[in-house]
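Following: one structure in structure tokens, then a few remarks.
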Amino acid sequence: METSLRTDARRDRWNLTMFIISYVLNNLVSGVLYDTYVNYLQEVSVSIATSFWAFYGYATFISAAVLLLVPKTGYKKLLLFCAAACTSALFCVVYLDWQFMLYATTLLALTGVQLHYIMLAPYVAAYTASAGKNNIDWYTRTYYMGYIGYFLTTYLGGVFVVKMFSLRAGVTYEAAKELTAYIADVSPTLKSAYIQGNEDVLVVTGILAALCIVPVLLIREKKEDYASAAAEAEKDHRSLTEKGRDVLAVLFRKDAAIYLGYWTIISFAMGLFTSYYTVFLNRNLHIDKATSSLLVSISYAAIVLFMLFTPMVVKKLGTVGTICFTVIGSVPFMLMIANGNAFGGAMIPAVGFALFMRAGLANLGSPAESALSMSVVPASLRPAYTSLVNFLAGFVSILSGTFTGKILFVTQEGYRTAYYIAAVLYLLAACLLFFGLRKYNRTAEVDS
């Protein structure tokens, strides 16, 4: 019996380790996708580039639907799909010269990345069910290692694009770096070399995505690993009508509706600028590609750093106070980014500092938001409420991406206007939360 338990424990650790490796590789791909790929789309398909956040919304819906297959297929097959989706999408983008294919590959790549991400929590839970608090250790380990991968490729993607551009154009690295600061104004020959440089990086990223298949194939999955998920699914015998009543019950609760309003405003505002950092830095502020990628990648370090201070800030300000503080505190830094050229020779350090602070503040409040969202509804309605919040996040992403693609980003200056609109929406969201839910300032902290 003890031998069997030790064997199962070793298999669980092995499967978790293989998942972490695949997750890090997935984040390496993700770093390129949300930086280099978005900039590449600016050259080959502006309509997709300007509405990129809408594709993220569609991918969120698809990923959520595919995740429901876990009780039938298990985790391994879905992880293989993630790797295959990203690999095929990146190679098809480069080697299939067909405009419609860009729409399909963008959606496919984002779905592969997003599905892998949302599979993290249930997968870790499945293999640490008997390990008590160790699940937190595994989750934290995966989370931080994933961010390291994301940080590396966001930065290195920009550096390698410049390097490959210099080789394609037959110029020095420094000359290529300077040219990328005004890439919209270069000659057709240089523009072609720049596009090819981006494609070289996408091909290498496609190979990284393919490598993700190896650790997934090495996962030693048994049916009982996901049998609990199937059992939970079978327990819920409610009809769609009954589940719909739960959703309506949530909507008719004033406090829950206020939080949904807050979340909708914040999600829409984020969609206006967070996916387009390097586009704005490169094309509006004329910061070269390598430096703009470096500034954005450094800001991701703030995500990890600032979250260490969340418990202390929540203890001091309360849950609602922390959220309002981080939302309102982000606004000045958003305006600093939008007006980066006003800093003259100090533009790069000023914008880098603003990016770092905005990213840190935004994520400092994330745990408090999670705690508050679960406090505004009774325990019996929390599953329905969580589904509703996720559905709204996907829907608002589509709405935000459509707005940027069809209206806001019609001119390049729209990328700057996005920060002003988002700043106003942030202030509106903070006021809604403070005046609507300040009674939960301490109760949410206790409930969490």
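Model label points for Glu178 and Ala257, set 7 angstrom from Cα along the Cα-to-Cβ axis, are 6.1 nm apart. Distance between the 7 Å Cα→Cβ label points at Ala301 and Gln99: 4.3 nm. Per residue, the range 65-218 exposes 47 Å² of accessible surface when a 1.4 Å probe is rolled over the protein heavy atoms with every protein chain present.
With the whole protein complex present, Leu41 retains an accessible surface near 0 Å², based on a 1.4 Å probe.
Compared with the alpha-carbon gap, the fully stretched path from Glu224 to Lys315 is longer by 28.6 nm at 0.36 nm per residue. Summing +1 for each Lys or Arg and -1 for each Asp or Glu among the other residues whose beta-carbon sits under 11 angstrom from that of Ser292 gives +1. Rolled with a 1.4 Å probe across the full set of protein chains, the surface gives Trp14 an accessible area near 90 Å².
For Ser400, the solvent-accessible surface computed with a 1.4 Å probe is close to 0 Å², ligands and nucleic acids excluded.
With R₀ fixed at 30 Å, the C-beta to C-beta distance from Phe343 to Ser192 puts the FRET efficiency at about 0.35. For the chain, which whole-number percentage of the solvent-accessible area (1.4 Å probe, protein heavy atoms only) is attributable to carbon and sulfur atoms? It is 68 percent, rounded to a whole number. The spacing between the range 301-330 and the range 100-128, judged by their C-alpha centroids, is 28 Å. Straightening the chain between Arg442 and Ile421 buys 4.5 nm, computed as 0.36 nm per residue apart minus the Cα-Cα spacing. If you average the alpha carbon positions of the range 30-68 and of the range 358-418, how far apart do those two centres end up, in angstrom? Cα centroid to Cα centroid, the span is 16 Å.
Based on the reciprocal of the average 1/r between different C-alpha atoms, the Kirkwood radius for the range 21-177 equals 17.0 Å. Run the helix sum for the chain: -39,500 (n - 2.57) per DSSP H stretch of 4+ residues, divided by residue count, reported at 222 nm to the nearest 500 deg cm²/dmol. Using -39500 (n - 2.57) per qualifying helix, the result is -26500 deg cm²/dmol. Approximating the spin labels as points 7 Å out from Cα along Cα→Cβ, the Leu335-to-Cys431 distance works out to 1.5 nm. Accessible area per residue (1.4 Å probe, heavy atoms of protein chains only) ranks Asp12, Asp185 as Asp185, Asp12, with the largest value leading. Note that the range 320-448 presents 43 Å² accessible area per residue, ligands and nucleic acids not counted, probe 1.4 Å. A straight chain from Trp14 to Val214 at 0.36 nm per residue would run longer than the Cα-Cα distance by 70.6 nm. The alpha-carbon atoms of the range 335-432, seen along their principal axes, cover 56, 31, 20 angstrom, with the largest extent given first. Let me test this: with uniform point scatterers at the alpha carbons of the chain, what is the Debye-based log₁₀ I(q)/I(0) at q = 0.10, 0.14 1/Å? Each listed q corresponds, in turn, to -0.76, -1.47.
The values are calculated or read from the model by the stated rules, or taken from the named source; none is laboratory data. These numbers come from a predicted model, not from an experiment. Don't worry about glycine lacking a Cβ; one is built from the backbone with ideal geometry, like all the others, and counts go over all protein chains shown. For the accessible areas, the whole protein counts, side chains as well, though only heavy atoms, and no ligand, DNA or RNA atoms are used. Shrake-Rupley method; radii C 1.70, N 1.55, O 1.52, S 1.80 Å.
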